[in-house]
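Structure, as structure tokens:
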Amino acid sequence: MMFTRSIRWRIQAWHALLLTLVIVGFGITAHRLAATNRLRVVDLELQALVAKLGIAVPPTPASETAHRPPPKPGVSTIDQITAGGAHFIVWNVDGTVQASSAKPPVELHRPERDGTGEATYMRTFGDMRQAVHFTGAGRCFIVGRPIAQELAELRQLAWYLTASGAGVLALGLLGGWWMAARAMRPIANISETAEKIATGDLAQRIPTATSDDELGKLTSVLNSTFSRLDAAFTQQARFAADAAHELRTPVTTMLMHAQDGLATTPLSDEQRECFGACQRAARRMRSLIESLLQLARLDAGQELHNPECIDLAELALDVIELVQPLAEQHGIVIHNQLQSVTVRADAERLMQVLTNLLTNAIQYHHDQGEVRLSLKMDNGLALLSIADNGPGIEPQHLPHLFERFYRADSSRSSKDGHSGLGLAISKAIIEAHGGTIEVTSIPGQGTTFTLGLPAV
């Protein structure tokens, strides 16, 4: 399937088809021309023998037909004809045999005459070629000879053309493969660079072609587009980081004043509600700012501070113990089946990811449910899955779950103050460790997040 989707293979297939048709057509044409030329030479030879035979065997007068015997053998022209391996037979106008070679290779019968006047035509019986000639008076001559040698030479020519065609086809396919590879190399470079950029490496650029052809112009346009895209993302990341830094101080001030206001006595119920609302809003804003700053650091590759060898099973047990009160509050039972696997990672960042995923599994869940954690080793990877039997996620939301600020009504809500950045941060942290994070879900049955990390 991959080959049929490849432009290079399709070009090669069309090239092979056209080259095969050209070679086969050339071979058939060459063989037919050679056969026609060989038979033409034989036909001219037989027609010359017919002319000689007409002189050597003159017509017999009708009055002498019954009294004159056929010419005796030993006539030099007739001996000359038979000595060359040819055979002949001559019929009079009345259909009697006037002369014939000693031992014809096949039984010869007088053919039916088509029309009147003088006529000559050629025919082939097996490996025999014959010339049939009717005179204007009605006499009939048949002269033939074996063409086995000519047929053998034509078969040999056919094998030679087949072998030569196969060789030319092989060379043509090799040359076509090389040309297709050379022609497709710039496209492959564009594809590889685009894939790297799609994974987040915006600094990648397509190698510039030296020629000023269509692909060279396309490369220049794409590189220019990638440069503007890189600059836009850099500016966006810088703006988010700078804005978050600038907002930290006023938000902290707002939170301090709200706390001081709540600590002031006496307060009316209206005043206490006002200060409480300010405090909740400030805390939510501070959480959003911290998430934006963390994403900015992850984008810049500056977030992993203390990578070390840790037992992922022990880390998962610590997270379970941490979220156990929240699980009990929602009536959720946490089961685990953890195999001891060592990974090299930043324990604090991994704990943040597991805490976020477990908290989501508990909060976006039907009460009195369960969450299952499992950890195992598979082909050098530590696979940690967090599965719940909650409401699940609709299929149209799954491709967008790890996008920043994306919310799915059935799985994520802003009522609890979440910013919609938790899964985006989790994905960035796991990818910074060289791992992967995937999600599968069946509406009404549950959701499973699977982390894959290189094991030590």
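Put simply, of LEU293, LEU218, LEU267, LEU202 the only residue that is at pLDDT 70 or above, under 30 Å from SER426 (Cα atoms), surrounded by 13 or more Cβ atoms within 10 Å (Cβ to Cβ) and out of contact with any Ser or Thr (no Cβ under 9 Å at 6 or more places or on another chain) is LEU293. Among the residues of segment 373-397, those that are out of contact with any Gly (no Cβ under 8 Å at 6 or more places or on another chain) and either over 18 Å from LEU350 (Cα atoms) or modelled with pLDDT under 90 (or both) comprise ASP378, ASN379, GLY380, ILE393, GLU394, PRO395, GLN396, HIS397. Scanning segment 174-190 for residues that are more than 19 Å from the chain's Cα centre (by Cα) and aliphatic (A, V, I, L, M) yields a count of 1.
So that you can scan it fast, the table gives a plain yes or no per residue for (1) under 26 Å from LEU401 (Cα atoms); (2) outside the structural domain of ILE429 (by TED's automatic domain parsing); (3) among the aliphatic types (A, V, I, L, M):
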{"residue": "ALA316", "(1), (2), (3)": "yes, no, yes"}
{"residue": "VAL319", "(1), (2), (3)": "yes, no, yes"}
{"residue": "LEU322", "(1), (2), (3)": "yes, no, yes"}
{"residue": "GLU328", "(1), (2), (3)": "no, no, no"}
{"residue": "HIS335", "(1), (2), (3)": "yes, no, no"}
{"residue": "ALA345", "(1), (2), (3)": "yes, no, yes"}
{"residue": "ASN356", "(1), (2), (3)": "yes, no, no"}
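Of all residue pairs spaced 6 or more apart or on separate chains, those with beta-carbon atoms under 8 Å, a first member in segment 31-49 that is within 15 Å of TYR121 (Cα to Cα) and a second member that is among the small types (Gly, Ala, Ser) and crowded, with 16+ Cβ neighbours inside 10 Å are ASP43/ALA131; LEU46/ALA86; LEU46/ALA131; LEU46/GLY144; GLN47/ALA131; LEU49/ALA86; LEU49/ALA131.
Please work out if LYS427 is outside any strand (DSSP E or B), modelled with pLDDT of 85 or more and either buried (at least 19 other Cβ atoms within 10 Å of the Cβ) or not acidic (Asp, Glu) (or both). It is true that LYS427 is outside any strand (DSSP E or B), modelled with pLDDT of 85 or more and either buried (at least 19 other Cβ atoms within 10 Å of the Cβ) or not acidic (Asp, Glu) (or both).
Does LEU33 qualify as being part of a helix (DSSP H, G or I), farther than 17 Å from TRP159 by Cα and more than 17 Å from the chain's Cα centre (by Cα)? No, not satisfied.
Here is a list of conditions, (1) farther than 30 Å from ILE23 by Cα; (2) part of a helix (DSSP H, G or I), and ALA203 meets all of them except one; can you say which number that is? Among (1) farther than 30 Å from ILE23 by Cα; (2) part of a helix (DSSP H, G or I), ALA203 violates only (2).
The values are calculated or read from the model by the stated rules, or taken from the named source; none is laboratory data. In this text the structure is predicted, and so the values were computed from the model without any measurement. So basically every Cβ, Gly included, is an ideal-geometry build from the backbone, and we count neighbours across all protein chains shown.
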